[in-house]
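Inspection log for the structure reproduced underneath, given as structure tokens.
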Amino acid sequence: MCVVAREAINWGGQTLSIETGKIARQADGAVVVKYGDTTVLCTCVFQKTQSNEASFFPLTISYQDRFYAAGKIPGGFIKREGKPSDREVLTSRLIDRPIRPLFPNGFLNEVQVICTTLSYDQVCDPGIASMIGASAALSISGIPFLGPIAGCNVGYSTQKGFILNPVYSSMSDNLLELTVAGTKEGILMVESEAMELSEEIMLDAVMFGFDSFQPVIKMIEELKKKVKKETFEVSSYKDQYGDLSKRIEKLITEDIVNALSIKEKLKRRDKIEEAKNKTIEAFKEEASEIAVSSLFEGLLSEIMRKAVMKTEKRVDGRKPDEIRQITCEIDVLPKVHGSALFTRGETQALVATTLGSSSDAQIVDDILGDRKEKFLLHYNFPPYSVGETGRVGAPGRREIGHGKLAWRAIHPVLPDHCTFPYSMRVVSEITESNGSSSMATVCGASMSLMSAGVPLKSPVAGIAMGLIKEEEEYIILSDIMGDEDHLGDMDFKVAGSENGITALQMDIKITSINRNIIKNSLEQAHKGRKHILEKMREAISENRDEMSPSAPRIEIVLIDKDKIRDLIGPGGKMIKEICEKTGAKIDIEDDGTVSVFSSNKVGMETAISMIKSVGCMPDVGAIFIGNVVKITDFGAFVSLEGGREGLLHISNISNKRVEQVSDVLKIGQEVKVKILDIDDRNRIKLTMKGC
């Protein structure tokens, strides 16, 4: 029988409650989290028997929005939720990353966590509520989970300082969007975008978040006490095969040491694989292939870590703070608007930039509301980049996550849309990978955008930091390779300009790290980032003044809001006519901003002239060719471009005296006129004199 229990606290000015035992009672753990009026259901289920084929921990965490949560019906032709949106994928990763390290070695039973947004109040973040709910559901499920964890959002402004769980859309002066998660002992995960903030501010923001979510951890612990569910017992392969582990160590240590001394990645990988196959063959009668492989991997990690701690030299011979060789090139692709090739060691990113009009912006439809995204950054990781075969298709969670991290790093230094009204798409093709391809993407994207003529506020570079920690001793590694990421304790990515940090992402593979480790990592990353920026400057130091000949040119015209309808015309007739005549592409904003895109100078000028004739009041002195539309005793009314009419008084028809207007002008006659005056009621007076 399910135990019904509830805990609640006031957190960040809103009521946060966790309730279990009422909904989804057949799951191993299920909670309903309410934060303000945002409500999420979080469930977890695990297989009670371990698959004999399990060679890794099969944990799946899925976050899913329901449009009804925000009182919306999905847009488009399909009126139900389908493929996860990028936001759902990113939120799933955000929940997964602090939870994954907190399962004991040897627990390889399949675990599935599902978080569903049931109600969204447009104030409290359902992602944070889901992270807390996932932690609570796991904590009361009986799964051997070493939590609980909690997380929060942190904003920052110079006026208010740090803000817990802010509503970013209502903060005009916000300089930071940071999510931090951890246990009561320390930090496990950080994800952020910052407006070139200092290392000190970023560190204080992380610790502010850590202190702020401690009451939530206590609340989950109280809920767990009320539920009192027995924890599933688990033992690691090392516990089960202690004697075998020692014999494997004796047989294979020398082979592993020799393999780890090889600097080239692929040759080193082959030697390690050869040593593993030798181990499996030697002990195939005593244990399963999966068990022997697991023991081998543990020994490999142990040998590498001890070697680094003892010698302060890494697998490829570098010192802890040494950066691999870097080469930078731009304009490597002849027809694209901007391109760059960034190579660091055995990691390489080929990055291309495409400029487009406002209509090329991505339309986003989700529970946060409809909006347009004018800057896109897409990351592709083909299997050949690591010398393997594999699936090629739609981007996976990793591609989406790495692309978003690079997006966060570049976004703060982009020009304002009013000064550079292009849509921008950056695509990073990872052509080689041996550690931190996302940071290579940041460097390549910065150079590619500058080569395309995008006026970045500052160039941005990124670096990935690693950690080897044994008890209280630790070594921080700059510019980590794939092996150091796989066998180490931390993947800490820092991106920014010379002025400060623009993005942080940290994942920990041990139970947590403290303030000093984060502080030292940020300081060491700062030195590495400056070194990388210097290398990038050798290829390009600032944006080009001239864009690629193939890139569209843009001009901005401001018209009166009440003239937008006239410019569009009935059924879009007027705007279509301008586009067809000039070959230009025209975007109209609700505030009267008209963006004209064209690669043809004459077409651009003609389009602007036609737009101004419709949407802007002409200047006094401007000359037009018009048609007489009405004749009166005192003059004639002449139709001008843009549907306007002006009065041509009888005294302004000719330098000679005119007795009758009809003696000189006829209905439909084409005449050349000049604007003589425009009064305060926008009435236009014309003259034919001097034309």
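Remarks
- Inter-residue pairs, beta-carbon under 8 Å, first assigned by TED's automatic domain parsing to the domain that holds Asn627 and surrounded by 14 or more Cβ atoms within 10 Å (Cβ to Cβ) and in the range 659-673, second in a strand (DSSP E or B) and of a type in the set (Ser, Thr, Tyr), 6+ apart: Val661/Thr632; Val673/Thr687
- Qualifying residue in the range 337-357 (condition: hydroxyl-bearing (Ser, Thr, Tyr), assigned to a loop (DSSP other than H, G, I, E, B), in contact (Cβ under 8 Å) with a residue 40 or more places away in the chain and not assigned by TED's automatic domain parsing to the domain that holds Arg87): yes
- Test: residue in the range 130-144 that is over 29 Å from Leu41 (Cα atoms), in contact with a helix residue (DSSP H, G or I) (Cβ under 8 Å, 6 or more places away or on another chain) and buried (at least 22 other Cβ atoms within 10 Å of the Cβ): no
- Every residue from the range 155-193 that is more than 28 Å from Thr43 (Cβ to Cβ), of a type in the set (Val, Ile, Thr) and either assigned to a strand (DSSP E or B) or touching a Cys at 6+ places or on another chain (Cβ under 9 Å) (or both): Ile163
- Residue match in the range 138-146 (condition: aliphatic (A, V, I, L, M) and in a helix (DSSP H, G or I)): yes
- Only residues that are touching a helix residue (DSSP H, G or I) at 6+ places or on another chain (Cβ under 6 Å) and closer than 24 Å to Leu355 by Cα were counted across the range 558-585, and they come to 5.
- Filtered by the rule that a residue be out of contact with any Phe, Trp or Tyr (no Cβ under 7 Å at 6 or more places or on another chain) and within 28 Å of Ala70 (Cβ to Cβ), the range 376-406 gives Leu376, His378, Ala394, Pro395, Gly396, Arg397, Ile400, Gly401, Lys404, Leu405.
- Residue satisfying all of: in the range 466-497; at pLDDT 95 or above and among the hydroxyl-bearing types (Ser, Thr, Tyr); nearest to Ala525 (Cα to Cα) among these: Ser478
- Considering the conditions (1) modelled with pLDDT under 95; (2) under 24 Å from the mean Cα position of the chain (by Cα), Ala129 is excluded by exactly one of them, (1).
- Summed over the range 647-691, residues that are of a type in the set (Asp, Glu), over 60 Å from the mean Cα position of the chain (by Cα) and either assigned to a loop (DSSP other than H, G, I, E, B) or under 20 Å from Ala622 (Cα atoms) (or both) total 1.
The values are calculated or read from the model by the stated rules, or taken from the named source; none is laboratory data. Not measured: the values here are computed from a predicted model. When we count neighbours, we look across all protein chains shown, and the Cβ atoms used for this are built from the backbone with ideal geometry, even at glycine.
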